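The values are calculated or read from the model by the stated rules, or taken from the named source; none is laboratory data. Not measured: the values here are computed from a predicted model. As a convention, Cβ positions derive from the backbone with ideal geometry for all residues, glycine included, and neighbour counts pool all protein chains shown.
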Amino acid sequence: MSAVLPVAQRGEDVLKLIAAPVAEAEFSSTWLNELSKALQTTMLERNGVGIAAPQVYVSKRVIIIASRANPRYPDAPEMDAITMINPEILEQSEQTILGEEGCLSVPNERGQVARAEAVTVQFFTLTGEKIIQQFHAKLFYVELLIGYC
């Protein structure tokens, strides 16, 4: 199993950068696959439902979202982990929902946040396959914003 990586905390410079896109030549690379495994291990160990590469000091546009009940999110539905490379929102619903959110980079703090109910996202897989898929926006927004702010 991959190592649990240290997580950058609020205010650290890496979280203030605009993350670089993953280049086409990097798809299917060993480092990208290892990063994905380490991100997932770190997210699961810390009871997250998503994580972005900048949170582990890698300023690249790579995020993982997954959902399952855990101590931080006891009512979370089951959803297998998805690694998204260079994700971007294509559409979002006008209807919003209010829900509690947290962030691994801001531990022990949670807040109510209004988000679009659904988003259509374009992203690439680890092998470079382009995917367009609709997601429940609550899972997606926090990780995307970390990678692009």
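I'd like to check something: does region 19-30 contain any residue that is in contact with a Phe, Trp or Tyr (Cβ under 8 Å, 6 or more places away or on another chain), surrounded by fewer than 15 Cβ atoms within 10 Å (Cβ to Cβ) and either touching a residue at least 40 places away in the same chain (Cβ under 8 Å) or closer than 21 Å to residue 103 by Cβ (or both)?
Initial filter on region 19-30 (in contact with a Phe, Trp or Tyr (Cβ under 8 Å, 6 or more places away or on another chain)): 19, 22, 27.
The next check asks that each one be surrounded by fewer than 15 Cβ atoms within 10 Å (Cβ to Cβ); those that pass are none.
Checking region 19-30: not a single residue is in contact with a Phe, Trp or Tyr (Cβ under 8 Å, 6 or more places away or on another chain), surrounded by fewer than 15 Cβ atoms within 10 Å (Cβ to Cβ) and either touching a residue at least 40 places away in the same chain (Cβ under 8 Å) or closer than 21 Å to residue 103 by Cβ (or both).
Read through the list (1) modelled with pLDDT under 80; (2) out of contact with any Lys or Arg (no Cβ under 8 Å at 6 or more places or on another chain), then give the number of the only condition that residue 148 fails.
If we test residue 148 against (1) modelled with pLDDT under 80; (2) out of contact with any Lys or Arg (no Cβ under 8 Å at 6 or more places or on another chain), just (2) comes out false.
Checking residue 108 against (1) surrounded by 15 or more Cβ atoms within 10 Å (Cβ to Cβ); (2) without any contact (Cβ under 8 Å) to a residue 60 or more places away in the chain; (3) at positive phi, which single condition isn't satisfied?
All conditions pass for residue 108, except number (1).
In this structure, is residue 22 of a type in the set (Val, Ile, Thr), more than 22 Å from residue 107 (Cα to Cα) and in a loop (DSSP other than H, G, I, E, B)?
yes
Can residue 64 be described as under 29 Å from residue 11 (Cβ atoms), of a type in the set (Val, Ile, Thr), part of a strand (DSSP E or B) and at pLDDT below 90? Walk me through it before giving the result.
Working: under 29 Å from residue 11 (Cβ atoms): yes; of a type in the set (Val, Ile, Thr): yes; part of a strand (DSSP E or B): yes; at pLDDT below 90: no.
No: the conditions fail for residue 64.
So residue 56 passes all but one of these: (1) closer than 26 Å to residue 20 by Cα; (2) surrounded by fewer than 19 Cβ atoms within 10 Å (Cβ to Cβ). Which condition number does it fail?
(2)
When residue 15 is evaluated against the numbered criteria (1) farther than 19 Å from residue 78 by Cα; (2) modelled with pLDDT of 95 or more, which criterion, by number, is the only one it fails?
(2)
Without any contact (Cβ under 8 Å) to a residue 60 or more places away in the chain, in a loop (DSSP other than H, G, I, E, B), out of contact with any Gly (no Cβ under 6 Å at 6 or more places or on another chain) and among the charged types (D, E, K, R) - does that describe any residue in region 74-87?
Within region 74-87, one or more residues are without any contact (Cβ under 8 Å) to a residue 60 or more places away in the chain, in a loop (DSSP other than H, G, I, E, B), out of contact with any Gly (no Cβ under 6 Å at 6 or more places or on another chain) and among the charged types (D, E, K, R).
Of everything in region 30-51 that's at pLDDT 95 or above and small (Gly, Ala, Ser), which residue is nearest to residue 79 (Cα to Cα)?
So, considering only residues that are at pLDDT 95 or above and small (Gly, Ala, Ser), the one nearest to residue 79 (Cα to Cα) is 36.
Within the group 117, 91, 100, 129, which residue is on the phi < 0 side of the Ramachandran plot and either in contact with a Leu (Cβ under 7 Å, 6 or more places away or on another chain) or at pLDDT below 85 (or both)?
Values: 117 fails: either in contact with a Leu (Cβ under 7 Å, 6 or more places away or on another chain) or at pLDDT below 85 (or both); 91 fails: either in contact with a Leu (Cβ under 7 Å, 6 or more places away or on another chain) or at pLDDT below 85 (or both); 129 fails: either in contact with a Leu (Cβ under 7 Å, 6 or more places away or on another chain) or at pLDDT below 85 (or both).
Just a single option satisfies the conditions, and that option is 100.
So for region 38-53 (the condition being in a loop (DSSP other than H, G, I, E, B), touching a helix residue (DSSP H, G or I) at 6+ places or on another chain (Cβ under 9 Å) and surrounded by 13 or more Cβ atoms within 10 Å (Cβ to Cβ)), does at least one residue qualify? Working first, answer last.
Within region 38-53, the first condition is being in a loop (DSSP other than H, G, I, E, B), and the residues that meet it are 46-49.
Cutting the leftovers down to touching a helix residue (DSSP H, G or I) at 6+ places or on another chain (Cβ under 9 Å) gives us 48-49.
Imposing the further condition that a residue be surrounded by 13 or more Cβ atoms within 10 Å (Cβ to Cβ) reduces the set to 48-49.
Scanning region 38-53, I find at least one residue that is in a loop (DSSP other than H, G, I, E, B), touching a helix residue (DSSP H, G or I) at 6+ places or on another chain (Cβ under 9 Å) and surrounded by 13 or more Cβ atoms within 10 Å (Cβ to Cβ), so the answer is yes.
Just a yes or no: is a residue in region 69-88 at pLDDT 90 or above and at positive phi?
Within region 69-88 (the criterion being at pLDDT 90 or above and at positive phi), the answer is yes, since at least one residue qualifies.
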